[in-house]
1. Conditions first: (1) modelled with pLDDT under 90; (2) of a type outside the set (Phe, Trp, Tyr); (3) under 14 Å from Phe108 (Cβ atoms). Gly146 passes all but one, so which condition is the exception?
2. Exactly one condition in (1) assigned to a helix (DSSP H, G or I); (2) modelled with pLDDT under 95 is false for Leu200; which is it?
3. Can you run down the residue pairs with Cβ atoms below 8 Å, 6 or more apart or on separate chains, where the first is in region 109-123 and within 17 Å of Arg91 (Cβ to Cβ) and the partner is in a helix (DSSP H, G or I) and at pLDDT 85 or above?
4. If I filter region 162-173 for residues that are modelled with pLDDT of 95 or more, among the aliphatic types (A, V, I, L, M) and more than 14 Å from Ile214 (Cα to Cα), do I get at least one hit?
5. Working carefully through the options Ser30, Ser6, Ser48, find the one that is closer than 30 Å to Gln154 by Cβ, at pLDDT 90 or above and not basic (Lys, Arg).
6. Keeping to region 44-67, report how many residues are under 13 Å from Leu33 (Cα atoms) and part of a helix (DSSP H, G or I).
7. What pairs come out if I take residues in region 38-50 that are farther than 17 Å from Arg116 by Cα and pair them with residues that are of a type in the set (Asp, Glu) and modelled with pLDDT of 90 or more whose C-beta lies under 7 Å away, six or more apart or interchain?
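The values are calculated or read from the model by the stated rules, or taken from the named source; none is laboratory data. Note that the coordinates shown come from a computational prediction; the quantities given were computed from them, not determined experimentally. We place every Cβ from the backbone using ideal geometry, glycine too, and count neighbours over all the protein chains shown.
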Amino acid sequence: MTESGSGTVLVGALTAAAEGAVDDHDETSSRILDAAFELFCRIGVQRSTMEDVARRSGVSRITVYRRFATKGALVDQLVRREIQRYFDQFRRDIEHAETTADRVVLGFVSSLRAFRRNPLIGGLMAADPNALVPATIADGGRTLAGVRGFVAGQLRREQDAGNVAGDVDVDVVAELMVRVCSSFLVIPSHIIDLDDDEQLAGVARQFLVPMLGIVA
């Protein structure tokens, strides 16, 4: 995979996961993905081969290629699975948050943590930190729209429950939230420590929560 391909893979996977378009896999495919994840995280995508993945997963090279035609396709499916796991975990996590403000803060902090600390996704981003920007721009805003739709859906449920002011345009707020989060992922900050969850939570409470017309 080329460096420029890293951003394209991440963008495509993020869009698919946000839209719920992640494929189900049989037991063999899941075993291949598990082996690839371990391998890619340990020695990197560039240094790994499909033969390495086959050997680690205990299947033949032909079996790997039958399910994933190229290494790029394998990486794409693996990243999609990791992102979908984040969205699923996020849905579970917010069930334990007591207030809407807590759920907004949790979403902001956990999204940055998930992408920056995931050994596979973080590794792809570290390999080419600038790849996401051109890849995202090139897709005509589809990635942002997909993630915005996911966030807006969460906010709309809060609004329907009476937790968010009725005159708030949740689509606009969701877009602003996604753009803020995205900028932190691709542009280093010299003011906010992105590895400090407490500081990130403070930023979310001070600047993001008020957009919803709720009290933090």
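1. Condition not satisfied by Gly146: (3).
2. The one condition Leu200 does not meet is (2).
3. Val109/Asp197; Val109/Leu200; Val109/Ala201; Val109/Ala204; Ser111/Cys181; Arg113/Asp197
4. For region 162-173, residues modelled with pLDDT of 95 or more, among the aliphatic types (A, V, I, L, M) and more than 14 Å from Ile214 (Cα to Cα): present.
5. Numbers: Ser6 fails: at pLDDT 90 or above; Ser48 fails: closer than 30 Å to Gln154 by Cβ.
Of Ser30, Ser6, Ser48, the one residue that is closer than 30 Å to Gln154 by Cβ, at pLDDT 90 or above and not basic (Lys, Arg) is Ser30.
6. Number of matching residues: 11.
7. Cβ pairs passing all conditions: Leu39/Asp52.
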